Structure formats: structure tokens, C-alpha cells
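Throughout, read-outs are computed from the coordinates displayed, never taken from laboratory work. Quantities reported herein were computed from a predicted structural model and do not represent experimental measurements. For neighbour counting, all protein chains shown are included, and Cβ atoms are generated from backbone atoms with ideal geometry for every residue, glycine included.
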Amino acid sequence: MTSDQFKKLSKFILKEMRMSHIYQPAMLIELLKNKGRASTEDIAKALVGYDKSQVEYYEHITKNMVGKVLTNSRGITQKEKDEYSVIGFNELSSGEVSELISCCENRIEEYLNTRNDPWSHRRKSSGYIKGTVRYQILSRAKFRCELCGISADHKALEVDHIIPRNKGGSDDQSNLQSLCYSCNAMKRDTDDTDFRGIRQSYEERVQGCIFCEIPRERVIAENELAYAILDAFPVTQHHTLIIPKRHTADFFTLYQPERNAIQRLLEERRESILAIDPSVTGFNVGNNVGETAGQTVMHCHTHLIPRRDGDTSDPRGGVRGVIPSKQSY
Ligand code: AMP
Ligand code: ZN
């Protein structure tokens, strides 16, 4: 007989849990493995265990440093294939095992109390920022990389100096930025671009702009930096507008991450339209830039216009039709 609670939990896990990362099932595993309870710290440690790059790093440390010292130099452990064991473990009573664990814990505490930052070797140069300041910078950046826009949910973010310390940069918050590890790895210490301006402008909205104020229920698809709605006066059925969330005039003032976001939504919408409407056999994709070119809403948007065989008597030339007499050639 399965219990009601089992049914409820398994229904949640299998059917209702909406995952934007592995965090929820990972947290539940940690809780379920520990009689249903765990501290924030233990849950956080369990989450780190799923971060492959972290685990790989410490596997390297184990094999090449601590494992070697304890096994080869000190003869305390032995290694067989991928497994380490304490030599003579079977001769220890459980009380003795507990006492040895306490001794280790004491040595760790003693060590941590006398060192400033035992993990500083992991950090890039002297620029790495930790603790509260790190958190403040990340929240200021809305937990996104200030260069490529990726969110902390998808890539680990690092906080470090805009103008590097060795170039006279200060530890003031105005000289700190949040970057994902890929962008930070590419950014050399000589690069003093201030990405904070970009970060701020991702948040830009203009009162009275229809595309800054589109009601949520009209959004049919979205990602971090862009969203899609159906055109209110469609040229053809399923005519979609893909719009950056930031208020910006046109295609040419988009940031690269927004272009990527718009591109992804274009592809997504194309797939959905083709799936629901087999009569669609082509598309026009385009931006009107400037009033001269026909732009009426001055918040950038890309038209995705589905086309069907015979929807116009002579489709030849497509977007060339912006000057009707020149459409065909
Ligand atoms: P453009 O001429 O490129 O600026 O295109 C503006 C597009 O926005 C037109 O295709 C309009 O039909 C469409 N449009 C205008 N107002 C709205 C609205 N409130 N909701 C959805 N689409 C709109
Ligand atoms: Zn706008």
C-alpha cells in the first residue's frame, strides 16, 4: 500500500515540479537521504556536488595532492582502482572512529582560524571578491553576467574588478562587476571596460511605450531578454512580433545578447507555427528601422510573418515590396 504522502510527493516530483535547474530534485534527495531534514549548509553542499567543474577540480586535488600525500608519503591510506581506504580501518572501534573524526574537525577549525582565505589559490589574481560585497554586486547586476547577459542560474558568476587592482583600481563597489566565468576568462586584466552601464540599461523601460507595457497575458513566448506577442493587426495569421524587453529604438541599437535572445525566439516561434499550421510554407522576417522605413512603434521589434502558397498572387521579391513598384525584378 502506498501512502498518501508518497503519492503526493511522487506526483509533485514526476508531474508538477517545474525545473529551471537541477536544484529542486537535488535538494529533495539531500532531505530524503537524511530522514527528511537538512540544514541550508548541507543542502548547499549537496548542490555543489552536482556542479561538474567543482567536482572535477576536487578530484584533481584528491588524486594529485591529498591522496598522494596520505597514500604515498604517509602510508595512512591505500588506493585500489578509484577507491581510497584507511589502512587498518577494521581494527578501529566505532568510538575510536568518532574520536578520530573529531580530531580531524579540530585540526580543520584550528587551521581555518589562523588563515585568512585558504581557498585563495583557486581565485583568479588578487581581484576576486567574496562574502557580502560579492552578494551586493551580484544583486545589483540582477544575477546576470554584465557582459553577455547570462543568468547565474545557467553559469557561475564571478565578481571582480573593472579596473584591476594592479592597475590602480580600488575595492570600491563602483569598481566591481559581475561576469560569468567564460566572459571573465576572456577578459584580460588590461581590459577596463565598465559594463555596469550595460547592466543598468537592460532594465530600461519607458512609460507610455506600448511594448514596454504589454500585459503579461499577451506574451506567448519569452526568454531572459526578449518576448513574443501576436501582432494586433496581423498581415497573415500567426504574424508574431519578437521584442527586446529593454526599451531600445531599433535593430541597430540591440546588444549582442538581445540579438541572441531574439534569434532564439524567432526559431522557437517558427517551430510552433509550423507545428500548428501545416499550410505555412515560408516566412518573411524583418525590421522596419526609422519612420522613413515604415516603423510606427519606436521600440525595436522583429516581424515574423508566416507565408502560405497563394496568399498573394505574385510573391516574387518579398521584402523588396517595401517599394511596391520594385518588388518584382
Ligand atoms: P512597425 O511598423 O514595424 O513599427 O510595426 C508595428 C507593428 O506593431 C504593426 O505590425 C502593428 O500591427 C503592431 N502593433 C501595434 N500596436 C500593437 C499592440 N498594442 N499589440 C500588438 N501589436 C501591435
Ligand atoms: Zn519601449
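Remark: the S3-A293 segment gains 97.8 nm on full extension, using 0.36 nm per residue and subtracting the alpha carbon distance.
Against the chain, whose longest principal axis comes from its Cα atoms, helix 52-61 is set at around 30 degrees.
Could you please state, rounded to a whole Å, how far the C-alpha centre of region 1-52 is from the C-alpha centre of region 266-329? Each part's Cα centre sits 47 Å from the other's. Between N34 and E16, the contour length at 0.36 nm per residue exceeds the alpha carbon distance by 4.2 nm.
R0 = 30 Å: FRET efficiency of S328 with I210, Cβ-based, nearest 0.05? It comes to 0.30. Assuming 1.306 mPa s and 10 °C, estimate D for region 216-312 with Stokes-Einstein, Rh taken as the Kirkwood radius over Cα pairs, in µm²/s. Rounded to a whole number, D works out at 116 µm²/s. When region 196-329 is described by a simple charge dipole with +1 on each Lys and Arg Cβ and -1 on each Asp and Glu Cβ, the residue from T240, Q256, S272 located farthest towards its positive end is Q256.
Think of each Lys and Arg Cβ as +1 and each Asp and Glu Cβ as -1; about the Cα centre, that makes the dipole of the chain roughly 260 debye. Pair-distance distribution of the chain: all C-alpha pairs, bin width 10 Å, starting at 0; shares per bin in whole percent are 4, 16, 21, 20, 17, 11, 6, 3, 1, 0.
Put simply, the amide H of L176, placed in the peptide plane, has neighbours under 5 Å in I162, leaving out anything fewer than 5 places away on its chain. Give me the extension gain from E83 to Q173: residue separation times 0.36 nm, minus the current Cα-Cα distance, reported in nm with one decimal. Contour length minus the Cα-Cα distance gives 27.8 nm. Under 5 Å between amide hydrogens, built in the peptide plane, is the criterion, and for E158 it picks out L179, C180, Y181 among residues at least 5 positions away or on other chains. Hey, what angle do you get for helix 94-114 against the long axis of the chain, alpha-carbon based, 0 to 90 degrees rounded to 10? So the inclination is approximately 60 degrees. Shown is the FRET efficiency for N116 and K52, computed with R0 = 25 Å from the Cβ-Cβ distance and rounded to the nearest 0.05: 0.30. With the simple model of a label 7 Å out from the Cα in the direction of the Cβ, D311 to N72 spans 6.8 nm. Per-residue packing, averaged as other Cβ atoms within 10 Å, sorts the ranges 74-84, 248-258 into the order 248-258, 74-84, beginning with the highest.
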